[in-house]
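Okay, so here's the structure we're looking at.
The values are calculated or read from the model by the stated rules, or taken from the named source; none is laboratory data. Please read all numbers here as calculations on a predicted model, not as lab measurements. Cβ placement follows ideal geometry from the backbone for every residue including glycine, while neighbour counts extend to all protein chains displayed. Accessible surface is based on the protein model in full, side chains and every heavy atom, while ligands, DNA and RNA are left aside. Shrake-Rupley method; radii C 1.70, N 1.55, O 1.52, S 1.80 Å.
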Amino acid sequence: RYVVVSGTPEKILEHLLNDLHLEEVQDKETETLLDDFLLTYTVFMTTDDLCQALLRHYSAKKYQGKEENSDVPCRKRKVLHLVSQWIALYKDWLHEDEHSKMFLKTIYRNVLDDVYEYPILEKELKEFQKILGMHRRHTVDEYSPQRKNKALFHQFSLKENWLQHRGTVTETEEIFCHVYITEHSYVSVKAKVSSTAHEILKVVAEKIQHAEEELALVAVTFSGEKHELQPNDLASSKSLEASGRIYVYRKDLADTLNPFAENEESQQRSMRILGMNTWDLALELMNFDWSLFNSIHEQELIYFTFGRQGSGEHTANLSLLLQRCNEVQLWVATEVLLCSQLAKRVQLLKKFIKIAAHCKAQRNLNSFFAIVMGLNTASVSRLSQTWEKIPGKFKKLFSELESLTDPSLNHKAYRDAFKKMKPPKIPFMPLLLKDVTFIHEGNKTFLDNLVNFEKLHMIADTVRTLRHCRTNQFGGDMSPKEHQELKSYVNHLYVIDSQQALFELSHRIEPRV
């Protein structure tokens, strides 16, 4: 057996097709090679290149000038097997590429043409129809040359629902909409791109405990221009994000719009979390993070690492989870620093230490890291009067949790602990990305104009961590109905996103001695 170390894209594909078996089970090496190729092909060839190469292999009557007639259907079946694996791995991603949509139509029609001559292809045809969401069952008789008329293609075009139903992808896509309350603080709202100003305002009003009718959403550009959003206006757009921010303003009696003053109505906020059950709160963090983590496509890590042109839209789900990690960190610091009473601040620190421990127990390492890093933020860790009053058992627990985030020996403590955890589990995503980037930057992608496939295998192997973490599904919405308030609290975090503002709060509650 050969291991593919390097080669041209065409030769790697040829080797792969030669090695494929048409029995039910592939041997481990071939299965891994196929998976490596499909996960990383975008690094060394375009989707159009791959489609054209597969069509050439499918239509080839001879292979290296010596193919027996009986090997022709075998080669066609191997190509179809590779295509079905590609569809299974990429799912919705293939809807969004015009080349792959055209390719699937073409190869389907080729199979329709060939199944009369090679009845053995009927199994692959049925598999294809299932994948493409077609409903009609065909028999070999129907493919006789006389029956292949335009009606058949017409019927195919009516059944192309699989290739079309993603037209509304942008409307259902989710983003974090930041609604600023003051200059340095915002409420983070996870919403669909198609959400209206009215839907966003309702969430924000509930979060800051103000009557919705007294508030308005205002788009403020960086040059200072203001524009009040009407209830049916879309609350998020790329042009708005690039040119300014959304604020929530109060409508006062004179019907003019006024921003909130810094620190106004924020003192009450920390009190709410003190009454919440820490296990349930951690569970809601897990629910939220899992929905983000579960949406990440393995391909996003490849696009993120190789920084392909226009890769922003190809890493949308990954970016949301990274953003969430940052927001949880800021949320911890915000809650602690907005609490001006020492005794309550001590309670809050204890609360967050417990939540971090629960996140670890629930195998949500993304929020676990974020909370520990939030408590270690300079503006929080300098609060010596508060930390002094933390009971010994909590200090001991926190130092145990902290040891897991220790970066020495390439994060050995975290890696060992994470390896022992059973799936479903959420890894600390920034570290996984660092691993992939490290492989990428330490190895050339091309050696003497040949694809360095050994490097791509190492990257694909790291990316497959996602698959392992998701082999079992997290039990969905585990929280009972009475935790609706908790859910809303966790889903829409209030954060101060300015380190300077956090430091000012820190010095205000515990001035430097």
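What the stretch 6-132 shows is 45 Å² of accessible area per residue, with the surface traced by a 1.4 Å probe over protein heavy atoms.
Loop-located trypsin sites (Lys or Arg not before Pro) in the stretch 9-62 (DSSP state not H, G, I, E or B) with no more than 11 neighbouring Cβ atoms inside 10 Å: Lys61. Each peptide in 383-393, 356-366 gets a packing score, the mean of other Cβ atoms within 10 Å over its residues, and the list from highest to lowest is 356-366, 383-393. Within the stretch 432-476, what residues put their amide N at less than 16 Å from the label point 7 Å along the Cα-to-Cβ vector of Arg56? Hits in the stretch 432-476 for Arg56 at 16 Å: 451.
Solvent exposure of the stretch 358-513 amounts to 52 Å² per residue of accessible area, where only protein heavy atoms count and the probe is 1.4 Å. Computed from backbone phi, the HN-Hα couplings of the stretch 71-83 come to 7, 5, x, 4, 5, 4, 5, 5, 4, 5, 5, 4, 5 Hz, rounded to whole numbers (Karplus: 6.51 cos²θ - 1.76 cosθ + 1.60, θ = phi - 60°; Gly and Pro given as x). For the stretch 6-132, the share of accessible area belonging to carbon and sulfur comes to 49 percent (1.4 Å probe, ligands and nucleic acids excluded).
Run the dipole for the stretch 6-132 about the Cα centre, Lys and Arg Cβ at +1, Asp and Glu Cβ at -1, nothing else charged, and hand back the magnitude in debye, nearest 20. Using Cβ point charges on Lys, Arg, Asp and Glu, the stretch 6-132 gives about 380 debye.
Taking only protein heavy atoms and a 1.4 Å probe, the accessible area of the stretch 321-473 is 54% carbon and sulfur.
The lysines whose alpha-carbon is closer than 19 Å to the alpha-carbon of Lys126, local same-chain residues fewer than 8 away aside, are Lys76, Lys78, Lys91, Lys101, Lys105, Lys148, Lys159.
Determine how many Å³ per residue the convex hull of the Cα atoms of the stretch 6-132 encloses.
So the per-residue hull volume is 108 Å³.
Sorting check: for 320-333, 394-407, which peptide has the highest mean count of neighbouring beta carbons within 10 Å, and how do the rest follow?
Output ranking for 320-333, 394-407: 320-333, 394-407.
Starting from 0.36 nm per residue, how many nanometres of slack lie between Met102 and Glu206 once their C-alpha separation is accounted for?
Difference between extended and current length: 32.7 nm.
3J(HN,Hα) couplings calculated from phi for the stretch 381-389 with the Karplus curve 6.51 cos²θ - 1.76 cosθ + 1.60 (θ = phi - 60°) are, in sequence order, 5, 7, 6, 4, 4, 6, 5, 4, 8 Hz; Gly and Pro show x. Excluding same-chain pairs closer than 8 in sequence, count the lysine pairs in the stretch 176-259 whose Cα atoms lie under 21 Å apart. Total qualifying Lys-Lys pairs in the stretch 176-259 comes to 11.
With Cα atoms as the point set, the stretch 176-259 shows a radius of gyration and Dmax of 11.7, 34 Å.
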